[in-house]
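Here is the structure we will look at, set down as structure tokens.
The values are calculated or read from the model by the stated rules, or taken from the named source; none is laboratory data. Here the structure is a predicted model, which means the values were calculated and not measured. Ideal geometry is used to build each Cβ from the backbone, glycine not excepted, and the neighbour counts take in all protein chains shown. Ligands, DNA and RNA are excluded from the accessible area calculation, which covers all protein heavy atoms including side chains. Shrake-Rupley method; radii C 1.70, N 1.55, O 1.52, S 1.80 Å.
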Amino acid sequence: MNTQQTDRVVQALNSFRIELPSWGFSNTGTRFGKYLQAAAALTIEEKFSDAQQVHRLTGVCPTLALHVLWDLPNGVDDVDGIAALAARHGVQPGSINPNLFEEQIYKFGSFGNPDASVRQHALQHAKDSVRIARRLNSRDIVLWFADGSNYPGTANVRRRKQWFEENLRTLHADVDSHQRLLVEYKPFEPAFYHTDIADWGMALSFARSAGPRARVLVDTGHHYQSQKPEQIAAWLLAEDMLGGFHLNDRRYADDDLTLGSIDPYQVFRIFHEILFFEWESGARADIAYMIDQSHNLKGKIEAMIQTVMHAQELYAKAALVDYPGLASAQARCQLVDAESALRDAFSTDVRPIIEEWRRAKQLPADPLDAFRQSGYLERITTERRGRMSVTSSYA
Ligand code: LRH
Ligand code: MN
């Protein structure tokens, strides 16, 4: 690798930041149950403490995404406590995720529920979440809805679309100038016939009709098998409507596996579209990179550190693409040369440079090994043993 390439990797590493999900540290499962880990985080303090470990060892995860009902069960009243924890653990509150799916009244939907009082209840929770974000200086409010139906004919899709537009527009009026609403789409689960925000086009339409502070969030696990999240990213970039990513990996559905564990070239292709856009436009894409995974079997903190290391590696590889060469090969339809520009970058081992970059930042060259040497896992396993959490539901 020549110095120019090394500089590009170092520059990419200097700018790359990725947000941790609080729910990635707690016991999560599937509908077939949960395998409990003694060291799993139960309290929000423990989630901040575990996130502090990942940030201390990697240096690139300064924020923790919060899920309102799971992390702020008392809503706005929990804000001061959260702010104190953030200060104590040196990890700032990140994106705020309203929970519009767990309460029993959401059985037939939240913003899309035929019952106006349920829509009003959901809107109030979303408004409270915007207020929580403001009090915590969090920029992004991530809106994911479980809304949809399981059987043909049971939902009026057009009417529900109208109710969503009304509530999103009303919610947007509460969002101030430095905040954003990130609309997250998902084609299925928990609804298995239709979801009200099934794909990027519907999310784009809702974000546009909501107002100028709304953008689209792409969860890599929320796509049909043959869809190309990188093309969706390119389109949303071109429309200046790409707000952020929930990064994870999958083989089948929304498997929420660790990033790069199944298809690292997929994540590389997404990062490539973003960095190529930035090179071509000379503008920095205003994107929030966030992890959204559930670690059902792997040790939660190890899986999180592994994910951050994979993300850094794939982002660094994408920064190695020879853009002038690629642009001219694309213009001249030199297919093999164009494809090789990506393959060459992807097959370059950037780990030595990343280790060098970490040493220069007084960070451990191998964060995972440093974590294992730290004794933190043994300590929390002893401290947290014996208060096993419930085995049902998600987090
Ligand atoms: C839905 C989702 C959403 C979160 C949840 C934990 O599948 O991706 O982003 O609220 O996972
Ligand atoms: Mn998600």
- line: FRET efficiency for GLN5 and LEU368 from the Cβ-Cβ distance with R0 = 22 Å, rounded to 0.05, comes out at 0.30
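For ASP80 and THR170 in one chain, what is 0.36 nm times their gap in residues minus the Cα-Cα distance, to one decimal in nm? Intermediate values should be presented prior to the final figure.
Values: separation 90, 0.36 × 90 = 32.40 nm, distance 2.67 nm.
This chain segment gains 29.7 nm when fully extended.
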- line: Residues whose built amide H sits under 5 Å from the amide H of VAL142, excluding neighbours closer than 5 in sequence, are ILE96, ASN97, LEU182
message: Using Cα-Cα distances under 8 Å and only pairs 6 or more residues apart, what relative contact order does the chain have, in percent?
response: 20 percent
field: Phi to ³J(HN,Hα) by Karplus 6.51 cos²θ - 1.76 cosθ + 1.60 over the stretch 138-151, Hz, x for Gly, Pro
entry: 8, 8, 9, 10, 8, 9, 10, 10, 7, 4, x, 8, 10, 9
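Assuming R0 = 25 Å, what is the FRET efficiency of ARG158 and GLN124, from their Cβ-Cβ distance, to the nearest 0.05? Could the numbers behind the result be given before it?
On the way: r = 25 Å, r/R0 = 0.99.
Working from the Cβ atoms, E equals 0.50.
To the nearest 0.05, what FRET efficiency results for VAL336 and SER226 with a Förster distance of 30 Å applied to their C-beta separation? Could you put the intermediate results ahead of the total?
Working: r = 24 Å, r/R0 = 0.80.
Rounded to the nearest 0.05, the efficiency is 0.80.
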- prompt: Spin-label point model (7 Å from Cα, Cβ direction): what's the ASN150 to ARG284 distance in nm?
  reply: 4.7 nm
For GLU19, distant residues with modelled amide H under 5 Å away: TYR289, MET290, ILE291
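Within the chain, which is the longest segment that contains none of the chymotrypsin sites (Phe, Trp or Tyr not before Pro) sitting in a DSSP loop with at most 12 other Cβ atoms within 10 Å? Can you show the working numbers first?
On the way: sites that count: PHE32, TYR35, PHE192, TYR224, TYR252.
Counting at most 12 other Cβ atoms within 10 Å as exposed, the longest clean stretch of the chain is 36-191.
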- request: Determine the percent antiparallel among the DSSP beta bridges restricted to the chain, to the nearest 5.
  value: 15 percent
- prompt: When the accessible area of the chain is split by element with a 1.4 Å probe, what percent falls to carbon and sulfur?
  reply: 52 percent
statement: Computed ³J(HN,Hα) along the stretch 79-92: with the Karplus parameters 6.51/-1.76/1.60, θ = phi - 60°, integer Hz and x for glycine or proline, the list is 4, 4, x, 5, 4, 5, 5, 4, 5, 5, 9, x, 10, 7
- request: Could you state the accessible area per residue of the stretch 88-143 in Å², with a 1.4 Å probe and every protein chain left in place?
  value: 42 Å²
message: Could you tell me how far the Cα centroid of the stretch 35-100 sits from the Cα centroid of the stretch 118-181, in Å?
response: 22 Å
